[in-house]
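Asks: Would you mind keeping the following structure in view while I ask a few things?
The values are calculated or read from the model by the stated rules, or taken from the named source; none is laboratory data. A quick note: this is a predicted structure, and the numbers were derived from the prediction, not measured. FYI the Cβ positions are ideal-geometry reconstructions off the backbone, even for glycines, and counts take in every protein chain you see. SASA here: full protein model, heavy atoms, side chains in, ligands and nucleic acids out. Shrake-Rupley method; radii C 1.70, N 1.55, O 1.52, S 1.80 Å.
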Amino acid sequence: ITRALSSSTGRNAAIKHVTVIGGGLMGSGIAQVAAATGHSVVLVDTSEDILKKSTKGIEGSLKRVVKKKFADKPEAGEEFVQKVLKNISTSTDAASVVQSTDLVVEAIVENLKVKQSLFSTLDKVAPEHTIFASNTSSLPIADIAVSTARLDRFGGIHFFNPVPMMKLVEVIQAPGTSQETFNALLDFSKALGKHPVSCKDTPGFIVNRLLVPYLIEAVRLHERGHGSKEDIDVAMKLGAGYPMGPFELLDYVGLDTSKFIVDGWYQMEPENPLFSPSPLLNKLVSEGKLGKKTGEGFYKYK
Ligand code: NAI
């Protein structure tokens, strides 16, 4: 599929070699789907220990996929897992591995300075044609791109968690992103078997811009005493057809992550009532009740 899609991008050759930086939740998922669709992938993180965990996680996830997909052909399934794993190598030195890469996908910590410093370093060593893309959820792509001299070859590629399951990719065209780069990122997303949508470089792109204010408004509704968490969750599942209620989803995403996103937007647009802080959310975060990952958020998990 990768090859067939290249024709629509004009001058850009298909992306074959991908460097994924950050082997956490998102980076591991991105590396997995890229490798499973025949790309050669280098996964980069700060230590061998982290990378070992990432690789183990990818293997486990692939085995779950295979269990369903190759239910009656377990041998073919195992072969597939090994083939995909062969497409992934790891490194702790991004600068030394980008020499031969067509695309860098960055999925490191959500911190502007750290992302800028990484891209600024890579910009000096990566080949001319290499496209840089960030998976950031809340930072403007243009603010990250200014750390490089390749604004035209810099865009956003925003995946959803869990990456192997979620079909959507938001591809972000910043003011400096060339049409060619943007098309290459759309084609790459399709080559991963995903469904890309085109976004502008605005806070939250499409999904989070609509989803986060809704989630925070659910918290406010509850804070006003207008509904219990349980009733609000049931109401949105049975009445709006959402697979999870807002409190369940907040606990799943992480309360700290949600707060971080909305605080960032509040700083950018303090007059926008949709972005104003929620005292209850702030209180839970300050108590370390961050959701499923800490065993308690709006609900208890142990
Ligand atoms: P994570 O904390 O699971 O993983 C981040 C990884 O990056 C860690 O393994 C860390 O060791 C590594 N790292 C940090 N600095 C590094 C550096 N300078 N060089 C190499 N590796 C470095 O974080 P997660 O959740 O995977 O998020 C990564 C990015 O993806 C963030 O920008 C986040 O906003 C974005 N994102 C997160 C989503 C989510 O649901 N968690 C959804 C969509 C985007």
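Asks: Quick one: in region 20-41, of everything that is within 11 Å of the ligand (Cβ to nearest atom), open to solvent by 30 Å² or more (accessible area, probe 1.4 Å) and in a helix (DSSP H, G or I), which residue is modelled with the lowest pLDDT?
Replies: Residue satisfying both the conditions and the ranking: Leu25.
Asks: In region 219-300, which helices (runs of 4 or more DSSP H) lie fully inside it and hold 2 or more residues that are surrounded by fewer than 18 Cβ atoms within 10 Å (Cβ to Cβ) and small (Gly, Ala, Ser)?
Replies: It comes to 229-240.
Asks: Go through (1) open to solvent by less than 60 Å² (accessible area, probe 1.4 Å); (2) more than 14 Å from Ile21 (Cα to Cα) one by one and return the number of the condition Ser134 breaks.
Replies: Result: Ser134 passes all but (2).
Asks: So which of Ser47, Ser100 ends up being surrounded by fewer than 19 Cβ atoms within 10 Å (Cβ to Cβ), within 24 Å of Asp123 (Cα to Cα) and modelled with pLDDT of 95 or more?
Replies: Just a single option satisfies the conditions, and that option is Ser47.
Asks: Here is a check on your reading of the model: is Ser89 surrounded by fewer than 19 Cβ atoms within 10 Å (Cβ to Cβ), out of contact with any Asp or Glu (no Cβ under 7 Å at 6 or more places or on another chain), closer than 23 Å to Gly264 by Cα and of a type outside the set (Asp, Glu)?
Replies: no
Asks: Looking only at region 117-131, count every residue that is more than 11 Å from the ligand (Cβ to nearest atom) and surrounded by 13 or more Cβ atoms within 10 Å (Cβ to Cβ) and tell me the total.
Replies: Final tally of qualifying residues: 7.
Asks: Could you figure out which of (1) open to solvent by less than 30 Å² (accessible area, probe 1.4 Å); (2) of a type in the set (D, E, K, R); (3) touching a residue at least 60 places away in the same chain (Cβ under 8 Å) isn't true of Glu110?
Replies: In the conditions (1) open to solvent by less than 30 Å² (accessible area, probe 1.4 Å); (2) of a type in the set (D, E, K, R); (3) touching a residue at least 60 places away in the same chain (Cβ under 8 Å), Glu110 misses (1) alone.
Asks: Quick one: would you say Ala174 is open to solvent by less than 30 Å² (accessible area, probe 1.4 Å) and either of a type in the set (Asp, Glu) or without any contact (Cβ under 8 Å) to a residue 40 or more places away in the chain (or both)? Write out each step before concluding.
Replies: Details: open to solvent by less than 30 Å² (accessible area, probe 1.4 Å): yes; either of a type in the set (Asp, Glu) or without any contact (Cβ under 8 Å) to a residue 40 or more places away in the chain (or both): yes.
Considered against the rule, which asks whether it is open to solvent by less than 30 Å² (accessible area, probe 1.4 Å) and either of a type in the set (Asp, Glu) or without any contact (Cβ under 8 Å) to a residue 40 or more places away in the chain (or both), Ala174 comes out as yes.
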